[in-house]
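These notes are about the structure you will find just below.
The values are calculated or read from the model by the stated rules, or taken from the named source; none is laboratory data. No experiment lies behind these values; they were computed from the predicted model shown. FYI the Cβ positions are ideal-geometry reconstructions off the backbone, even for glycines, and counts take in every protein chain you see.
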Amino acid sequence: MLGNYILSGKSQASIALTVSTLVSLLLPPLAFLICGSVVALMTLRKGVTVVLQILAASLIMLMAFSLLVNLPIKLVLVYIFIIWIPAWSVAMVLRFFEQQGLLLVASGLLATMLIVATYLVVGDVSGWWEQWLTVMIEKTVPPENISQYKALLEPAVDMVNALMISGFMLNVIMSVLFARWWQSRLFNPGAFQEEFYALRLPSQILPVSGLVVLLLLLLSQPWQDLFRDIVVVLMFMYLIQGISSVHRNVDKLMLSRAWIVSMYCLLILLPQMGLFIACLGMTEVYVIWHRRKFGSKTEL
């Protein structure tokens, strides 16, 4: 019912986007799912031009509401640039090409551009994150525990930038995939499952991955840190590919859904499981590339 209301007209869509953005301000961890999926659903169904008009109308309403209740306008702008625009741009790729593999590529390119921009603007990215997180620790942690938290932070600070941007990328992907599932439920039940099972990263990503790893090994700082962060982004892309592979093969082999539940439980409880699933996704991309190049019939 909500989806039908959102897609019933420009005014309804603008109101729904405005309300969902305001709700997401109260629930920041779910912000991408709440308002990002609304932007993505409109983009997938209505197209680029119409959605731009809806975004502009919703922006005006949000600005007016911000002035009325003394809500910081900067906060609204952050949501627009961090959630609306990425969800809109990535959803456009899925709308035009109808391939979820290209959705992953678009999200990965967006994350890579953010990484490069971060290093160009900040310079010492690890030091910047360490300084920022230290301030947060000192403000939120009891004084007697500050030294313990700083000790835990020190060995992990080099990976913070990669993990934060990869988390952003995953949120964008999940919001658009949720919108695609939503669209399927409204207009073509079962289509999302077929499209997700058919998810394939382009085989060209393999030489790109190899080149990035080679540069990571050969270059010195700060380039080494930059390419390390890009490798993490690539691994998260392969992770989604691997998850799709598990879903598809469980369905193909008519196995119990307990396999799917177990996979997600292990991903939550054991971070190492994510690396294993990512390697599975990488292997699948390699098999597809090998089959196309050499005519092999091997299939995962």
Go through VAL246, VAL287, VAL233, VAL261 for me and flag whichever is touching a residue at least 40 places away in the same chain (Cβ under 8 Å) and of a type in the set (A, V, I, L, M). VAL233
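Could you please find all residues in segment 188-197 being exposed (fewer than 14 other Cβ atoms within 10 Å of the Cβ) and in a helix (DSSP H, G or I)? Break it down stepwise before answering.
Residues of segment 188-197 that are exposed (fewer than 14 other Cβ atoms within 10 Å of the Cβ), as a first pass: 188-190, 194.
The answer is GLU194, and nothing else.
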Does THR49 satisfy being modelled with pLDDT of 90 or more, β-branched (Val, Ile, Thr) and in a helix (DSSP H, G or I)? no
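Here is a yes/no grid of residues against (1) at pLDDT below 90; (2) of a type outside the set (S, T, N, Q); (3) surrounded by 14 or more Cβ atoms within 10 Å (Cβ to Cβ):
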residue	(1), (2), (3)
ILE230	no, yes, yes
LEU234	no, yes, yes
LEU239	no, yes, yes
VAL250	no, yes, yes
LEU253	no, yes, no
LEU266	no, yes, yes
PRO271	yes, yes, no
ALA278	no, yes, yes
SER296	yes, no, no
Please identify the pairs in which a residue from segment 5-31 that is without any contact (Cβ under 8 Å) to a residue 12 or more places away in the chain and surrounded by fewer than 18 Cβ atoms within 10 Å (Cβ to Cβ) has its Cβ atom under 7 Å from the Cβ atom of a residue that is part of a helix (DSSP H, G or I) and hydroxyl-bearing (Ser, Thr, Tyr), counting only partners at least 6 apart or on another chain. GLN12/TYR5; LEU30/SER24
Just give me the residues in segment 32-46 being more than 28 Å from MET164 (Cα to Cα) and either under 21 Å from the mean Cα position of the chain (by Cα) or free of Cβ contacts under 8 Å to residues at least 12 places away in the same chain (or both), in sequence order. ARG45
Being surrounded by 15 or more Cβ atoms within 10 Å (Cβ to Cβ) and at pLDDT below 90 narrows THR134, THR118 down to just THR134
Which listed residue, of ARG200, ARG185, is in contact (Cβ under 8 Å) with a residue 60 or more places away in the chain, exposed (fewer than 14 other Cβ atoms within 10 Å of the Cβ) and either touching a Gly at 6+ places or on another chain (Cβ under 7 Å) or more than 27 Å from VAL116 (Cα to Cα) (or both): ARG185
List pairs: first in segment 94-112 and closer than 15 Å to LEU41 by Cα, second at pLDDT 95 or above and acidic (Asp, Glu), Cβ under 8 Å, 6+ apart or cross-chain? none
